[in-house]
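Below: one structure, written as structure tokens.
The values are calculated or read from the model by the stated rules, or taken from the named source; none is laboratory data. Just so it is clear, the model here is predicted, and its values are computed rather than measured. Don't worry about glycine lacking a Cβ; one is built from the backbone with ideal geometry, like all the others, and counts go over all protein chains shown. Each accessible area value is taken on the protein alone, full model and side chains, heavy atoms only, with ligands, DNA and RNA left out. Shrake-Rupley method; radii C 1.70, N 1.55, O 1.52, S 1.80 Å.
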Amino acid sequence: MKLMFLGPPGAGKGTQAVVLAERFGVPHISTGDMLREQIKSGTALGQKAKAFIEEGQLVPDDVIIGMIKQRIAEPDAQRGFILDGFPRTRKQAETLEGLTSLDAVFNIDSRDDQIVGRITGRRVCQECGAVYQASRLGGSTTCPKCEGALYVRADDNEETIRERLSVYKKSTQPLIAYYTERGILKNIADEGSIDDITQNILSVLDAMNDYA
Ligand code: AMP
């Protein structure tokens, strides 16, 4: 099972990717999470990526492609994976196509007004990386799963979000047409609860298996 989530920042790609990865027993591969890990560990790659991320710009393709090539060659990714936040450019998509083939690309179709509030309310666990909405934490500042401290991502402020949205529209949104042409794009409306959206995704996967 090789799936990918496409959609603007704050569409809930990561949330859905975590659920599906657990359900199908394959790794959740998020290039954003990998870059934040590199920054936290103070590696050269992390240092290079930091300024791009904080300005809401994309990290250069060669950096991302090198990182993802290594990751999908690891043993746990041989049975499949759920990609989240990669590919984000045509160059990345073409490179991925040369390495492996995806079964489906889920495009979560969110409106700009849904996104900004969701991202400014996002809280991330420093220890386990779990993501929450501040409004659902009842004022708590620690992770309900592991008690790690929760933080606001440096790029989750309104100004950077606007920039990330514009970068998304210019560089990543064209991938909707790219994957439509390849017959693997599945549109998922950003409507209802997290569970409703998961159910919609699972129904699409069931229908694909029925016709396979
Ligand atoms: P995310 O956690 O997916 O929202 O990613 C956070 C930031 O990491 C993005 O705004 C980019 O700066 C960078 N990033 C993550 N994935 C990629 C990618 N595939 N290509 C370029 N930059 C990326």
Computed over the chain, the convex hull of the Cα set has an average projected area, in nm², of 11.6
Under a 1.4 Å probe, counting only protein heavy atoms, V26 has an accessible area in Å², nearest 10, of 10
In whole angstrom, the spacing between the Cα centers of segment 70-113 and segment 130-144 equals 29
Among GluC sites (Glu not before Pro) in segment 144-191, those in a DSSP loop whose Cβ has at most 14 other Cβ atoms within 10 Å are E147, E191
Expressed in angstrom, Rg and Dmax over the Cα atoms of segment 105-179 are 14.7, 43
Projected convex hull area of segment 5-82, Cα atoms, direction-averaged, in nm², equals 5.5
Counting sequence-distant residues (5 or more places) and residues on other chains, those with an amide H built under 5 Å from that of L6 are F106, N107, I108
